[in-house]
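Enquirer: First, the structure itself, so that you have it in front of you.
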Amino acid sequence: MNPFVVKLTGRILKITSNLEYPVRVLEIILKYNVTVNMIDDKVGLKAITDSVKVNKELRKNESLEIETRLEDISEISIIYRDTMMVRRFDISL
C-alpha cells in the first residue's frame, strides 16, 4: 500500500494520506521534463526541479492541494515525518 494517493488535475496536485496515523508533510519536490532548443538547432529534453515547502499535518484520508507551475510533471517526491523518522516517497506520473 502506498502511503499517499497523488492526483494531478490540470495544474492542481492533490495529495491524500493513506496512512493509519498522522504524518507531517514537510516538502514536495516536483520534477518536470521540458523540451528545449539547443544551440545546434536540435531539440532536447531538460529536467527541471521545483521544491515546495509545505509543513502540514495530514491524518488518514486528509488531503492537501498545491498549484504547480506546469502540467507535465514526470515525478513527485513527498518528504514527510512519521512518528519515528523522516521518510521520502517517490512516484512517477
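No lab work stands behind these numbers, since they all come straight from the coordinates. Just so we're clear, the structure is a prediction, and the values are computed from it rather than from any experiment. For neighbour counting, all protein chains shown are included, and Cβ atoms are generated from backbone atoms with ideal geometry for every residue, glycine included.
Enquirer: Top mean-square fluctuation among 73, 39, 12, Gaussian network model of the chain, C-alpha springs under 10 Å?
Expert: Greatest mean-square fluctuation among the candidates belongs to 39.
Enquirer: A further question on this structure: State, as an integer percentage, the relative contact order of the chain based on alpha-carbon contacts under 8 Å between residues 6 or more apart.
Expert: Rounded, it is 34 percent for the chain.
Enquirer: Of the candidates 35, 49, 68, which one comes out as most mobile in a Gaussian network treatment of the chain with C-alpha springs shorter than 10 Å?
Expert: Comparing 35, 49, 68 in a Gaussian network model of the chain, the most mobile one is 35.
Enquirer: Is the shape of segment 8-60 best called rounded, prolate or oblate, per the rule: a/c under 1.5 gives rounded, else a/b larger than b/c gives prolate, else oblate, with a ≥ b ≥ c the square roots of the Cα gyration tensor eigenvalues?
Expert: Prolate is the answer for segment 8-60, as a/c is 1.5 or above and a/b outweighs b/c.
Enquirer: Additional query: Quick one: how many lysine pairs in the chain have C-alpha atoms under 29 angstrom apart, if they're 8 or more apart or on different chains?
Expert: For the chain, the number of qualifying lysine pairs is 15.
Enquirer: Next up: Please give the contour-minus-distance gain from residue 24 to residue 2: 0.36 nm per residue of separation, less the Cα-Cα distance, rounded to one decimal in nm.
Expert: Here the segment from residue 24 to residue 2 would lengthen by 6.3 nm.
Enquirer: Could I ask something else about it? Can you compute the FRET efficiency between residue 33 and residue 56 using 1/(1 + (r/R0)^6), with r the Cβ-Cβ distance and R0 = 30 Å? Round to the nearest 0.05.
Expert: Computed FRET efficiency for residue 33 and residue 56 comes out at 0.65.
Enquirer: Which entry is the computed P(r) over Cα pairs in 5 Å bins from 0, in percent for this structure: (1) 2, 10, 11, 15, 18, 17, 14, 8, 3, 1, 0; (2) 3, 13, 18, 15, 11, 10, 8, 7, 6, 4, 2, 1, 1, 0; (3) 3, 13, 24, 23, 14, 9, 6, 4, 3, 2, 0?
Expert: Answer by label: (3).
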